[in-house]
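The structure appears below as structure tokens.
The values are calculated or read from the model by the stated rules, or taken from the named source; none is laboratory data. Predicted, not measured: the structure shown is a model, and the values here were computed from it. Cβ coordinates were reconstructed from backbone atoms using ideal geometry, including for glycine residues, and neighbour counts include every protein chain displayed. Quick note on the areas: whole protein, heavy atoms, side chains included, nothing else; ligands and nucleic acids left out. Shrake-Rupley method; radii C 1.70, N 1.55, O 1.52, S 1.80 Å.
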Amino acid sequence: MKKQQPGDGVVIIKKYANRRLYNTETSSYITLDHLATMTREGRDFKVVDAKTDDDITHNVLTQIIMEEESRGQTMLPVSFLRQLIAMYGDSMQSMVPGYLEASMDSFRRNQEQFKSAVEGAFAHSPFAEIAKRNMQMFEAATQAFGVAPAMAPAAAPAPSAPASKDDEIAALKAELTRLQDKVEKLG
């Protein structure tokens, strides 16, 4: 997810008592929406209290999640939130952050593998354009849920038109066989 750009370093954001956020890289005031965008873009930032210089990044990221959740499309189910709250004070509490981080990393890797498999499977078939549109919809859905895609979809080459119905059927059968092989390899 690291797609650093402009300064390629950690951007320092200062939060003032009046709740305003100041981006020291751009020398401008920003909003939580700007920080959410920076997060989706893979920019690394640290939010500090302007008066005490305390690191308050965790609190601000939690606030961003709360605002995203309040906009209607929730990603965190109530049962998950209840389980998470129940873990506070539990003897296993210290293990939860590492577990959640590893789970999210695994989810991202699986997302990349799924995307690659789908793109590769449909690259040279009559279904290429449909697969390309489905991948675009999949990416839009992952962005809507706050999961930034790991990479932009590769442009699928335009399928060549088969000469006849028999050629088209043969091409479909061959593609089906290739897909079955890939599914077996993934399984």
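Of note:
- Taking the numbered list (1) in a helix (DSSP H, G or I); (2) at pLDDT below 75; (3) open to solvent by 80 Å² or more (accessible area, probe 1.4 Å) in turn, residue 135 passes all entries but (3).
- Residues that are in a helix (DSSP H, G or I), within 30 Å of residue 12 (Cβ to Cβ) and open to solvent by 80 Å² or more (accessible area, probe 1.4 Å), drawn from the range 52-96: 58, 59, 65, 66, 70, 94
- Pairs, first closer than 24 Å to residue 186 by Cα and without any contact (Cβ under 8 Å) to a residue 40 or more places away in the chain in the range 94-114, second open to solvent by less than 80 Å² (accessible area, probe 1.4 Å) and outside any helix (DSSP H, G or I), C-beta under 8 Å, six or more apart: 111/147; 111/149; 111/150; 112/150
- Residue within the range 15-31 that is under 24 Å from residue 141 (Cβ atoms) and among the charged types (D, E, K, R) present: no
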